[in-house]
């Protein structure tokens, strides 16, 4: 016989009755329902917050956070233009890339119309129209240039005006991509340009590989874009993994759409120090023997590549010209606009010390002096248009520079003016040749 503990109150220790079980079930259901409601509310709150955050990013004050999405990794070239840049975020002024990866307001027809003269310009971030929103302390800070503010737009406009009665329309296509150098241009020429049957090829270059004595090869010593992706994949990088996961989920969620940019920023910051194995712009320790040292380096690196470009375009009968892009240190301060003068002071202060900066500027001027002879060695048309104030008698009322080489819309228009003057005879000959071919049938 079992014994009942006299300490227990009546009913204690006994199994709960049906009524008590029902109460517990109802209580559990209420707690689960509340937890589910709270979870749904939290998700909705996050989505609304992310949606608002995305709208803020899309506002004029915050759009610089999307600047880095202008380029995406590339299998062939390290990185290339993002063909949906500005489209997904529905920001019109960032919607500047066409479907073929050029900064151009319309897609190019695979077969060139008989009445179109198509000119391709290849170059780096200056030709592209890279902005300065990310720069602190500069007098002009803005997002990347719109298509209507670029060098190629102004050149196209001038050609259209000059040859309005010729019966031909002009397409001056912007093939500029940040950080690109001669090796990239050669690949791009074969991969992306020739299939569109160019009538002329222009190269707006300089800052990304000329001003150093090191044997800089961008295909070997530049590790951004596709190289960084492969490296991070093999190393199982945490922020790279977070970016990829958030990027996939971003198509379904505003929250993940916001998170992907945060993860991308973290990953890019992590990889930033590994981008350049050799800096493409380096201050030499001494100017002794710099002329012969630079000539030797040029022949082993970029001049060798430009010779290949010249051979390819010559074989196809495509007129080609190289333009040295502007550098603010080449300008005469007394002829510059007030904000350009301020920008020049900032640029020089960031180039080095009071001792090293003059040496770097002197080196750059020596390079500028040597380049015409070097390009003449490979029989390639070359124009030095690196000084925008050249020809001015009084100080400019406009500001041309965002930083050391990137241009304002006014600077783009000025550089296009210089290009137009150089190209006019060649374009006139091209128009006459096309007309003769049409008449011949």
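No value in this document is a laboratory result; all are computed from the given coordinates. If you're wondering where the values come from, they're calculated on a predicted model, not measured in any experiment.
Descriptive notes on the structure:
- Among 205, 172, 290, residue whose mean-square fluctuation peaks in a GNM of the chain (springs only between Cα atoms under 10 Å): 290
- Within the stretch 105-150, the percentage of alpha carbon pairs spaced more than 18 angstrom apart rounds to 49%.
- With Cα atoms, 0 to 90° folded angle of helix 151-162 axis to the chain main axis: 50 degrees
- On Cα atoms only, tilt of 409-440 relative to the major axis of the chain in degrees: 70 degrees
- D by Stokes-Einstein for the stretch 168-320, Kirkwood Rh over Cα pairs, 37 °C, 0.692 mPa s: 178 µm²/s.
- Viscosity 0.692 mPa s, temperature 37 °C, Stokes-Einstein D of the chain from Kirkwood C-alpha radius, µm²/s: 130 µm²/s
- For the stretch 223-275: rounded, prolate or oblate by the Cα gyration tensor [a/c cutoff 1.5]: prolate
- One Cα centroid belongs to the stretch 318-343, the other to the stretch 87-157; the line between them spans 20 Å.
- Percent breakdown of C-alpha pair distances by 5 Å bin, ordered from the shortest bin, for the stretch 256-372: 2, 8, 12, 14, 15, 14, 13, 12, 8, 3, 0, 0
- Nearest-ten-degree value, helix 290-300 long axis tilted from longest Cα axis of the chain: 70 degrees
- Ellipsoid semi-axes in whole angstrom, largest first, where each is sqrt(5λ) of the Cα gyration tensor of the stretch 131-242: 33, 20, 16
- For the stretch 278-330, the Kirkwood radius over C-alpha pairs fed into Stokes-Einstein at 10 °C and 1.306 mPa s yields D = 116 µm² per second.
- Taking 103, 379, 295 as the candidate residues, the one with maximal mean-square fluctuation in a Gaussian network model of the chain, Cα springs under 10 Å, is 379.
- For the stretch 368-441, the spread of Cα positions along each principal axis, largest first, Å: 50, 31, 23
- GNM on the chain, alpha-carbon springs under 10 angstrom: the most fluctuating residue among 302, 41, 154 is 41.
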